[in-house]
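Report on one structure; see the data block that follows.
Each value in this text was obtained by applying a stated rule to the coordinates, not by laboratory testing. The shown structure was predicted, so the numbers you read here are calculated from the model rather than taken from an experiment. We place every Cβ from the backbone using ideal geometry, glycine too, and count neighbours over all the protein chains shown.
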Amino acid sequence: MSFLIIPCYIKTKWDIDCITRLLESVQNQTLKFEKVLVIDDFSPFEYQLNFFNIEHIRLSENGGPAKARNIGIDKALSENAKHIFFIDHDCILDLQWNEQMTNFLESTEFAAVGGMTFSYGKTLYDYYHDINGTLNGKWLLPDKKELWYMPSLNFGIKAFVAEEFVFDERFPTAAGEDVDLCLRMRSKYKIGFCPKAKLWHDFGYKSTLTGFKRFVNLFKKYKSSSATLYDGHTVLLWDNSESIYSGNAYEFNI
Amino acid sequence: MSLIYRRRANQPSFTHVINDYFGEIKPFSKRIGKWYFYIPLIIMKTIEWSIYRWYKTPIRRFYGVKGNELIYMITKRCNEKCPKCGIWKTPEPDNEHIDISIFLNCLKMLNENLYQVTITGGEPLLLAEDVLKIAEESRKHEILLLTFTNGVLITEDFLKRYAALNHKLVISIDTIDESKWTDFRGKATFEKVMENIKLSKQYLGRNLQIQSVIASESEKEIDSIQSFCKDLVVLHTTQRYLDFGGVWNNPINTPKTTSNDVACAARKNIIIYPNGDVVKCFDHRRILRAKEPLGNIEKEDIIQILCKKRATEVSKIMKTCNFPCKEMACNVPEIIYN
């Protein structure tokens with residue numbers, strides 16, 4: 001019983017193309033999802049999703065991705081979900097993504113799992129994110145046996161974890177809310193890394209020449225989220241960590 | 001990537017910046033597969049590093065700042081019976097008092113985040129050896145310790161050891177009029193305390209402070225206490241009376257001692273009760289959803305307690321609470337000296 005939750009805020013045609021492309025990859029999974037919940041966070045753009053086994057929930061007001069995911073979590077728990085997975089609308093899943101994530105959660109003691117994220121585009125910025133591990137999880141050092149945190153675009157949790165820990169809805173944008181959840185969750189549970197669960201994330205760079213502003217704005221957004229993140233934690237023991245990057249997928253010991 | 005660049009406020013900044021930059025760039029550069037990407041990707045990494053380091057968002061103010069105050073109510077027991085305070089009426093039984101090693105462990109775990117440890121009570125010097133152990137541990141981590149006392153149990157031996165650790169001692173007095181002393185303290189200890197203040201000044205110098213509570217019963221005494229402190233060259237602070245089980249009354253016309261309108265306690269305070277219970281504000285019982293403690297350091301790790309979702313929720317509630325204790329010293333970012 002695995003549920004997939006996709007929060008989305010559709011502003012442009014590009015967003016529609018992204019979610020359509022994502023749902024095609026969802027439909028082609030080797031192991032099907034029990035249900036896919038697309039939670040529309042009061043998008044200004046009208047659109048239809050004509051896919052089988054997808055529940056499209058439109059919220060009546062904009063509350064941010066954390067709130068959208070929490071609504072999805074409530075729905076999944078009420079329908080007895082065993083595993084709850086999260087991705088973003090601008091991702092594309094590998095055919096075996098669900099199979100790998102589900103097997104990982106079923107065969108290990110980890111309460112949560114993060115997969116391997118690659119860049120979808122071919123610009124220099126995309127290559128940068130691949131070797132930088134911008135949207136990958138971070139190892140808990142020094143052992144590198146579990147994750148310090150995992151971004152919510154390639155993330156899964158067991159249902160009992162979701163009953164205890166949900167996203168903090170004070171985070172206004174898709175930045176920081178996943179780190180906050182992981183920090184709280186790790187007080188009790190461990191997050192594992194499943195390199196075989198691959199997905200591709202479209203950062204939206206049109207070309208290397210025109211993508212610079214987008215590149216800078218991306219990191220400014222992540223930096224800004226830290227303020228909210230601090231507020232949520234009386235003690236934030238930020239420590240040195242190390243990003244997972246594309247090269248880790250080929251390391252023998254993982 | 002490390003999101004904290006200066007973990008200690010007094011860390012040498014220039015070398016730290018250089019070390020931090022190369023600490024980021026070096027492992028990253030090894031991952032670049034093609035030589036002709038080397039320069040553009042290093043520039044991009046430098047841009048990312050610069051944004052995290054220099055781009056000013058509200059979080060900037062927290063970098064390099066030890067943002068938390070650990071307040072330990074070491075005991076509820078007291079050797080005096082001041083009517084302004086009701087804590088002495090409910091002394092904790094022996095089996096509800098955590099071992100000092102548990103608190104010291106908690107202090108060690110939090111040391112990177114603390115700018116101050118405060119010991120209050122009850123009367124902390126009933127457990128003078130424990131106070132000195134905390135003072136030693138705080139000094140190891142370069143954290144300032146403030147101990148609040150009524151001044152009766154101060155001894156020369158205690159002062160020698162305490163002064164060597166360069167921490168602050170705050171003696172609480174609300175009058176210097178001997179005829180009113182017994183009414184204010186419940187016991188005739190005027191001479192002893194006055195003698196101890198002078199002895200403390202001798203050993204501690206500027207690390208001695210005097211604090212008074214402004215209530216309708218004591219507000220006429222404040223001027224004479226201030227003159228006394230001025231003559232003695234000791235810093236003096238005042239705090240408005242707040243009901244913690246005492247029977248004094250709020251002053252009618254006395255202006256606020258600070259202009260603080262922000263409830264800082266939720267963000268900065270970590271308070272431990274004698275039994276190990278953890279709360280974020282001494283006044284938490286007034287707040288409907290914050291009545292129960294967040295946890296107990298005897299049973300759980302302090303980090304685990306502070307990472308609970310409830311800790312986040314209580315912080316959120318307390319940020320908007322509008323109780324008069326907002327202007328208390330534990331709730332303002334800086335101590336205001338008279």
**Study point:** Pairwise label distance in nanometres, B:Tyr21 with B:Arg310, each label 7 Å out on the Cα-Cβ vector
**Key:** 4.7
**Study point:** Distant-in-sequence amide H partners of B:Leu235 (H built 1.01 Å from N, under 5 Å)
**Key:** B:Ile210
Check your understanding: Near the amide H of B:Trp248, under 5 Å away, which other amide H atoms are found, from residues 5 or more places off or on another chain, if H is placed in the peptide plane?
Key -> none
Revision key, fill the gap. Phi angles of the stretch A:97-112, converted by Karplus (6.51 cos²θ - 1.76 cosθ + 1.60, θ = phi - 60°) into ³J(HN,Hα) in whole Hz with x for Gly and Pro, give 4, 4, 4, 5, 5, 5, 4, 4, 5, 6, 9, 10, 8, 4, 8, 9
Study note, to complete from the structure: With Cα springs under 10 Å, the Gaussian network model of chain A assigns the largest mean-square fluctuation among A:Phe33, A:Phe52, A:Phe193 to A:Phe52
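Using a Förster radius of 45 Å, what is the FRET efficiency between B:Leu165 and B:Asn250 based on their Cβ-Cβ separation? Nearest 0.05, please. Don't skip to the end; give the middle numbers.
Values: r = 37 Å, r/R0 = 0.82.
Once the sixth-power term is evaluated, E becomes 0.75.
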Practice item. Would you pull out the residues with amide H under 5 Å of B:Thr118's amide H, same chain only if 5 or more places away, H placed 1.01 Å from N? Key: B:Leu70, B:Ile71, B:Tyr72, B:Leu146
Check your understanding: Under the Karplus relation 6.51 cos²θ - 1.76 cosθ + 1.60, θ = phi - 60°, what is the ordered set of whole-Hz ³J(HN,Hα) values for the stretch A:189-202, x standing for Gly and Pro?
Key -> 10, 10, 10, x, 10, 10, x, 7, 8, 9, 9, 10, 10, 8
Practice item. Straight distance only, please: which lysines reach the Cα of A:Lys122 with their own Cα at less than 22 Å, same-chain residues fewer than 8 apart left out? Key: A:Lys13, A:Lys196, A:Lys198, A:Lys206, A:Lys213, B:Lys30, B:Lys34, B:Lys45
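Once a ≥ b ≥ c are taken as the square roots of the eigenvalues of the Cα gyration tensor of the stretch A:1-67, is the result rounded (a/c under 1.5), prolate (a/b larger than b/c) or oblate (a/b not larger than b/c)? Don't jump to the answer; show the numbers that get you there.
Details: a/c = 2.25, a/b = 1.44, b/c = 1.56.
Oblate is the answer for the stretch A:1-67, as a/c is 1.5 or above yet b/c matches or exceeds a/b.
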**Study point:** FRET E, pair A:Asn103, A:Thr173, Förster distance 45 Å, beta-carbon r, rounded to 0.05
**Key:** 0.90
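Counting each DSSP H run of 4 or more residues in chain A as -39500 (n - 2.57), what helix-only mean residue ellipticity at 222 nm follows after dividing by all residues, to the nearest 500 deg cm²/dmol? The partial results should precede the final answer.
Working: 7 runs with 85 residues, N = 254.
-10500 deg cm²/dmol, from helical runs alone.
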Practice item. Show which lysines lie in cross-link reach of A:Lys75 when reach means a straight Cα distance below 20 angstrom and same-chain residues fewer than eight apart are skipped. Key: A:Lys32, A:Lys35, A:Lys67, A:Lys158
Point to revise | Rounded if a/c under 1.5, otherwise prolate or oblate - the stretch B:131-253, Cα gyration tensor axes | key: prolate
Review point. What ³J(HN,Hα) values, in whole Hz, does the Karplus curve 6.51 cos²θ - 1.76 cosθ + 1.60 give for the stretch B:182-199 when θ = phi - 60°, with x put for Gly and Pro?
Key: 4, 5, 6, 10, x, 8, 8, 10, 3, 4, 4, 5, 4, 5, 5, 5, 5, 5
Check your understanding: In nanometres, what is the gap between the two model label sites at A:Ser60 and B:Glu195, each 7 Å from Cα along Cα-to-Cβ?
Key -> 7.5
Check your understanding: Taking R0 as 30 Å, what's the FRET efficiency between A:Ser43 and A:Lys122 from their Cβ-Cβ distance, rounded to 0.05?
Key -> 0.60
Point to revise | Centroid-to-centroid separation of the stretch B:122-196 and the stretch A:54-115 [C-alpha atoms, Å] | key: 57
Review point. So which GluC sites (Glu not before Pro) in the stretch A:52-130 end up in coil per DSSP with only 11 or fewer other C-beta atoms within 10 Å?
Key: A:Glu61, A:Glu109
